[in-house]
Every structure is written in structure tokens, then in C-alpha cells.
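Note sheet for the following structure.
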Amino acid sequence: MRTITLPDGTEVACLGQGTWRMGEGRRPQAAEADALRLGLDLGMTLIDTAEMYGEGGAERVVGDAVAGRRAEAFVVSKVYPHNATRAGTVAACERSLQRLRTDRIDLYLLHWRGGVPLAETVAGFGELLKAGKIAAWGVSNLDTEEMEELRGVPGGAACATDQVLYNPQARGVEYDLLPWCGRHGVPVMAYSPVGQGGHLLREPALGAIGKRHSATPAQVAIAWALRQDGVIAIPKAADAGHVRENAAAAAVRLTAQDCAEIDAAFPPPRTKRSLAML
Ligand SMILES: NC(=O)c1ccc[n+]([C@@H]2O[C@H](COP(=O)([O-])OP(=O)(O)OC[C@H]3O[C@@H](n4cnc5c(N)ncnc54)[C@H](OP(=O)(O)O)[C@@H]3O)[C@@H](O)[C@H]2O)c1
């Protein structure tokens, strides 16, 4: 599996696993944990979760998945904006650690911007770093101007990622956020890279490109996100077939012709658009 280097020098797999909609009783918890473990076996060692997902349920599934093999996994979780005061961030992280049954979160993110000043949240992250409860911190759903603002707060330059919606149908971030992150050495985590398994996967362009690579539309979408340096993709799959398919997408290399066909079907942004989020 190709790796990406975070600002602190840590190498992480460029292809990870999401967990939104896990731990909500849609499938047995053990089956969801099995899917994540299969993903770990296949090299998708970065696992993304949040206190929001299943109101802690997804973190419990992740806890099951990494039990006995914690060192193999790179666990990312997120604090709700309404919990993201200095003290609230620390308390939320402690609750997440309990559900994850671990003593450290590898990367802890602010889930989206709320009403709490960024400086307070960053101060909370600083306390957690000092206590060894997190190894790095970052943000999610912050647009370029907010990333600039974040850099201006004490300690803000240590931000290790911005996790944003990114797939062929949602590529507004290419206008200025991805270039900004590239210039500042901040890796981007692409969420919903297979368009939540919806109509993106029925788009003829992805099917036609896939045929040339003996790949599925989902694999083409993942390979497209990973075509550039500094991007990590985190598809979520509870189905074992999907997990295998997604892991194999790391080996799909799109050609310039493939990318041109995707540009024709899903034109890149020509003007600034406000950041799309789910
Ligand atoms: N920071 C944020 O605000 C934010 C927002 C959204 C998502 N995220 C993170 O990003 C992760 C991924 O995003 P997402 O869950 O919204 O969407 P996604 O990964 O694009 O799509 C997940 C859906 O697609 C299906 N799927 C997965 N692989 C497939 C394949 N190879 N072929 C066909 N269908 C496939 C899954 O089905 P099965 O589960 O049945 O396999 C699931 O229904 C989330 O789980 C979460 O960790 C973060």
C-alpha cells in the first residue's frame, strides 16, 4: 500500500476505511468489525471514525476491530463541534478512548466548524498531545479561509489534515483548498470517495474507464482520488466484497486519457464554490 507522510513524519496508508453508519444496528456489530479487520489484513490500516457515528457505536465497532492488533491500525476520530471547547475536547476524547478501548487516538479531528473559537479547540488538542492521549490533530470540513485562520491561532500550524468531501461529483475543493493544502504540506482526506455507493457508481464514464482496467466504477473513483500526492481516501464498506474491491483499487493507475474523460463528464471547478459537506 502506498503511504502518505503526515506533517510530523508519520507514514499512513493512502487508502483507509470509513465507519459512518456502522454501530447503528444495520448489521451485526461483529460483522462490521470483521469487515474492518479484513480491510486491515489488506493494508487499509487507517480507520476513520467519530463520536458522532452511531453516537459512539462506530467507535465501539472500531474498538472490536483493532482489539489485539492495535499497533497495526492508525485510528482517526473526531470531536463534535459543540464539544470542542478546551475542556470539552479533552473530555470528549477521553470518552472516545474508552469506547475505542485504547489509550491513544492517532489523529483527532474537529468534525466541522461550530461556534467555539478555533484557538480553544487547538488548546484542547494541545493538552491531549501533551498527555499522550492523541498523537496528532487535524480538522474536517474547513474551507481555505478557515484553514488560513487556523494557521493564525497559537499552535494552529500543526494541523495534520483537512478531511473533506471529495469525489468526481464533488470536486470544488480543487479550485483553491487542495492547492492551499499542497502548498502548506497538509494532506487531505477524501471522504465519501465512492459517492456513498449511489449514482456516481452508475455513471457511464466510470464504467467505460473501468472496463479498460478490468476495474469496477468504485475502484475507478478511488483511484481517481488517489491519482494525486497528498490525498488519502477513506471509503466505507461493511460488505466483505466491497472491502476487497476497495483495497484492490490502490493498484489501479489511471491514465491521462482516463482523467480527461472524467474531466469531460465531471468538469473541474472554474470558480470558487463554497465547501460542500455531508
Ligand atoms: N468528516 C465528515 O464530515 C465526513 C462526512 C462523511 C463521511 N466521512 C467519513 O468518510 C467515510 C466514507 O464516506 P461515506 O461513508 O459517506 O461514503 P462512501 O465511502 O463513499 O460510500 C459508502 C457506501 O458505499 C458502499 N460501497 C463501498 N464500497 C463499495 C464498492 N466497492 N462498490 C459499491 N458500493 C460500495 C458502502 O456499502 P457497504 O457498507 O454495504 O459495503 C456504503 O453504502 C465515512 O464512513 C466516514 O468515516 C466523514
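Just a few scattered comments:
- Considering residues of segment 120-158 that are more than 25 Å from residue 196 (Cβ to Cβ) and in contact (Cβ under 8 Å) with a residue 60 or more places away in the chain only, the residue most open to solvent (accessible area, probe 1.4 Å): 158
- Residue that is nearest to residue 261 (Cα to Cα), among those in segment 200-217 that are within 21 Å of the chain's Cα centre (by Cα) and open to solvent by 10 Å² or more (accessible area, probe 1.4 Å): 217
- Once segment 54-89 is narrowed to residues that are more than 29 Å from residue 43 (Cα to Cα) and without any contact (Cβ under 8 Å) to a residue 40 or more places away in the chain, the residue that is most open to solvent (accessible area, probe 1.4 Å) is 82.
- Restricting segment 159-175 to residues that are of a type in the set (D, E, K, R) and out of contact with any Cys (no Cβ under 9 Å at 6 or more places or on another chain) leaves a set whose member that is least open to solvent (accessible area, probe 1.4 Å) is 171.
- Options 76, 12, 66: the member that is within 13 Å of the ligand (Cβ to nearest atom) and closer than 18 Å to residue 104 by Cα: 76
- Any chance residue 186 is in contact (Cβ under 8 Å) with a residue 24 or more places away in the chain and under 19 Å from residue 15 (Cα atoms): yes
- Positions within segment 148-160 being within 16 Å of the ligand (Cβ to nearest atom) and out of contact with any strand residue (DSSP E or B) (no Cβ under 6 Å at 6 or more places or on another chain), in sequence order: 150
- Boolean, residue 192 is within 30 Å of residue 77 (Cβ to Cβ) and surrounded by 22 or more Cβ atoms within 10 Å (Cβ to Cβ): yes
- Residue match in segment 194-210 (condition: in contact (Cβ under 8 Å) with a residue 40 or more places away in the chain, closer than 29 Å to residue 61 by Cα and outside any helix (DSSP H, G or I)): yes
- For segment 227-274, a residue qualifies if it is within 9 Å of the ligand (Cβ to nearest atom) and either exposed (fewer than 13 other Cβ atoms within 10 Å of the Cβ) or over 22 Å from residue 181 (Cα atoms) (or both), and the qualifying residues are 236, 237, 238, 239, 240, 241, 242, 243, 244, 245, 246, 249.
- Residue match in segment 20-34 (condition: surrounded by fewer than 24 Cβ atoms within 10 Å (Cβ to Cβ) and in contact with a Leu (Cβ under 9 Å, 6 or more places away or on another chain)): yes
- Of all residues making up segment 155-176, the number that are assigned to a loop (DSSP other than H, G, I, E, B) and of a type in the set (A, V, I, L, M, F, W, C): 2
- Only one of the listed residues (185, 138) is more than 11 Å from the ligand (Cβ to nearest atom) and not in a helix (DSSP H, G or I). That residue is 185.
The values are calculated or read from the model by the stated rules, or taken from the named source; none is laboratory data. None of the values given here were measured: they were computed from a predicted structure. No Cβ is skipped: glycine too gets one built from the backbone with ideal geometry, and neighbour counts run over all protein chains shown. For the accessible areas, the whole protein counts, side chains as well, though only heavy atoms, and no ligand, DNA or RNA atoms are used. Shrake-Rupley method; radii C 1.70, N 1.55, O 1.52, S 1.80 Å.
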